[in-house]
Every structure is written in structure tokens, then in C-alpha cells.
Amino acid sequence: MSTSPLDILALAAHRDDVEQTCGGTILKMAKQGYRTGILDLTQGEMGTRGSAEDRAREAADAAKILGVCWREALDIPDGRVENTWENRLKVARVLREQKPRVVILPYWKGRHPDHYTASILGYEACFLAGLAKLDVEQAISTGQSVFSTEAGASSPHRPFKIVYATLYYDVRPTFVVDITEQFEARLQSLMAYKSQFSDQEAGKGIFPTQAEIRSRIEAMARFYGMLAGVTYAEPFLQKEVGLVDDLTAIPVKSI
Ligand SMILES: [Zn+2]
């Protein structure tokens, strides 16, 4: 694993969330030469299908398909992602190590508590990571706020941009990324989670078939693509307004 800064880091609660919500975008950025990474907060030990070890192997396979330079899973309990001081520090430590310019977080509302909690936790960790006087290593080992004036390996870093991947929630995105070229590979990265998505007996009643998953994913990607006049896209939201220099270069046709 390299120590040069990442351009883009996608953070999510569960292994396979990034593949589902912004995998096409991650792959597209990697193809454009950017250094991309994925931070999964949990290891998937509560899953109906497969073990945490199966999921680790599958996550590595998926990462290869998406061309990411760096991927890690924290040890936050699956099904119990909580926005605690300890968890914020764990994420802040990663942000300081990887120094991403852009962070992709899950949207802050949703059905699954791990998803929306990961959003708030991620945002607050981005803030913490930038506090010059916070000694993250000491704070992790003591559980206290430890302040230091020495800049070490864990020097402060705050990402320039935070965007939210909104695919899990019904909200109008502020922009979409065209993933028409990446759609097939992105689907393959999801199918790399064989313990989850291959047709099998365990959890048959609650998991859709592979063919059904494919058509759902395609329907969603087509819907967001259609909003911007492309075939397939992934939706995002940013809290900031857009900044424009040239009105004639704004994409997406109005009429
Ligand atoms: Zn999830």
C-alpha cells in the first residue's frame, strides 16, 4: 500500500456499498489517472451469507476491478456503526494517512442506520482530521482529547471537497457522473461478492436473484443517466452551490 496522497477516497459502512453507490465513478476516476481508495467502516461479520473472511477476499477482488490504489476495512462492529469519539478518531487517522482531496460519503438519510450514521461520522471525522493541534494517535490510545503542537507523520489534513453518494435514498441529486463506459465493470465489481450475490440457498427468501439484481441496478443507472441525457449515471449531492465561469460550457440540455 502506497503512502502518496489519494485524490479520491470513498467511505461507506459496508463492503459492497461503494460498489453499489459510486463504483462506476471510482473506476472512471482511476481510468483518468487519479489515485482512488475505499474505506469500509465494517467487515461484514453480521451478513446472512458468508463470513468476514469471505467478504475481505471479495472486497479485494472488487477493488481490483475498480482500479483502486488503496482499500481497508476498519473494525467497527457491523450493524452497530455509531458516531463515537473513538470511531471518529479511527476515520480521522485514515484521512491523515491517505490525505484525499475529495471524499465521497454516503447520503445522510436512509433506511439502514449504518448508512446514515456513516455519513455523519465521516463528515465529523473530516473536520477532526484537520484540527492542527489534535494528536490522533495519542487520542486513540488514551481515549482522551490530546493536543500537541508537533506536526508528525499524522499531520493535519482536511479534504477540499465532500460529496454524497445518494443512490440508496430517493433524493434529487445535484449532479450525476456519466458511467456509461464503466457500467459493466462496475456490475462485475458487485458480482465479485459471490457470497452475497450468486444464486444460492442461504437467505433465498430475502435476497433477489442475480438476474433481478442486474436489472434493478441497470434501471437505477438508466434513470439517473436519463436525467442528464446519458445512458448510465450515478447520483451525487453537494451541499455547496456550483461555481460557473462560462455559461456556454454548462453541460446537460435544458429544452
Ligand atoms: Zn450497506
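Readers should treat all values here as calculations from the given coordinates under stated rules, not as data from a laboratory. Just so it is clear, the structure is predicted and the values come from calculations on it, not from any experiment. Virtual Cβ from ideal backbone geometry, glycine too; neighbours counted across all protein chains shown.
Highest first, please rank the peptides 233-241, 40-48, 137-145 by the mean number of other Cβ atoms sitting within 10 Å of their residues. Please report the intermediate quantities before stating the final value.
Details: 233-241: 17.8, 40-48: 20.1, 137-145: 13.7.
Put in order of decreasing packing, that is 40-48, 233-241, 137-145.
Taking the Cβ of A211 as the centre, find all other residues whose Cβ is under 13 Å away and add up their charges (Lys, Arg: +1; Asp, Glu: -1). Intermediate values should be presented prior to the final figure.
Values: positive: R214, R216; negative: D199, E212, E218.
So the surrounding residues net to -1.
Evaluate the Kirkwood expression for the hydrodynamic radius of the chain, namely the inverse of the mean inverse distance over all pairs of different C-alpha atoms, and round to one decimal in Å.
Values: mean 1/r = 0.0528 Å⁻¹.
For the chain, inverting the mean 1/r across all distinct Cα pairs yields 18.9 Å.
Give the peptides 183-195, 7-19 in descending order of average Cβ contacts within 10 Å, highest first. Can you show the working numbers first?
On the way: 183-195: 19.8, 7-19: 26.4.
In descending order of packing, they fall as 7-19, 183-195.
Quick one: putting +1 on the C-beta of Lys and Arg, -1 on the C-beta of Asp and Glu, what dipole do you get for segment 119-255 around its Cα centre, in Debye to the nearest 20? Don't skip to the answer; put the middle values down first.
On the way: 12 positive and 16 negative charges, 51 e Å.
Its charge dipole is roughly 240 debye.
Could you tell me the center-to-center distance, by alpha carbons, between segment 203-229 and segment 94-151 in angstrom?
32
Rounded to the nearest 0.05, what FRET efficiency is calculated for R80 and I255 with R0 set to 51 Å and r the Cβ-Cβ distance? Provide the component values of the computation, followed by the final result.
Numbers: r = 49 Å, r/R0 = 0.96.
It comes out at approximately 0.55.
Rounded, prolate or oblate: which fits segment 91-205 when a ≥ b ≥ c are the square roots of the eigenvalues of the alpha-carbon gyration tensor, with rounded for a/c under 1.5 and prolate only if a/b beats b/c?
Numbers: a/c = 2.27, a/b = 1.86, b/c = 1.22.
Because a/c hits 1.5 or more and a/b exceeds b/c, segment 91-205 counts as prolate.
Going down the list K99/K253; K161/K253; K28/K253; K64/K90; K28/K99, which pairs span over 29 Å between their C-alpha atoms?
On the way: K99/K253 36 Å; K161/K253 26 Å; K28/K253 22 Å; K64/K90 24 Å; K28/K99 20 Å.
From K99/K253; K161/K253; K28/K253; K64/K90; K28/K99, over 29 Å: K99/K253.
Given an 8 Å cut-off on Cα distances and at least 6 residues of separation, report the relative contact order of segment 71-126 as a percent. Walk me through the intermediate numbers first.
Details: 49 pairs, mean separation 24.0, N = 56.
Averaging sequence separation for qualifying contacts and normalising by length gives 43 percent for segment 71-126.
Could you give the dipole magnitude of segment 51-193 about its Cα centre, charging the beta-carbon of Lys and Arg +1 and that of Asp and Glu -1, in debye to the nearest 20?
Values: 18 positive and 19 negative charges, 96 e Å.
With Lys and Arg at +1 and Asp and Glu at -1, about 460 debye.
Select from Y169, T48, P251 the residue farthest towards the positive end of the dipole of the chain; place +1 on Cβ of Lys and Arg, -1 on Cβ of Asp and Glu, and compute about the Cα centre.
P251
Setting aside same-chain residues fewer than 8 positions from K239, which aspartates and glutamates have a Cα under 19 Å from its Cα?
Those aspartates and glutamates meeting the cut-off are E124, D170.
Under a Cβ-only charge scheme (Lys and Arg +1, Asp and Glu -1), can you give me the dipole magnitude of segment 1-41 about the Cα centre, in debye to the nearest 20? Mind showing how you got there, number by number?
Numbers: 4 positive and 5 negative charges, 43 e Å.
In debye, rounded to 20, segment 1-41 gives about 200.
Classify segment 2-131 from the C-alpha gyration tensor, please: rounded if a/c falls under 1.5, else prolate or oblate depending on whether a/b exceeds b/c.
Working: a/c = 1.56, a/b = 1.07, b/c = 1.46.
In terms of gyration-tensor shape, oblate.
So for the chain: antiparallel DSSP bridges make up what percent, rounded to the nearest 5?
Numbers: 7 of 24 bridges.
Of all bridge pairs located within the chain, approximately 30 percent are antiparallel.
Residues in segment 101-133, backbone N under 19 Å from the label point at Q238 (7 Å along the Cα-to-beta-carbon vector): list them, ranges by number please.
Answer for this model: 101-108, 123-124, 126-127.
Divide by every residue of the chain the summed helix terms, -39500 (n - 2.57) for each DSSP H run of at least 4, and state the resulting mean residue ellipticity at 222 nm, rounded to the nearest 500 deg cm²/dmol.
Numbers: 9 runs with 99 residues, N = 255.
For the chain, the value works out to -12000 deg cm²/dmol.
For Q210 paired with Y34, estimate the spin-label separation in nm (one decimal), with each label point 7 Å from Cα along the Cα-to-Cβ line.
About 3.1 nm, to one decimal.
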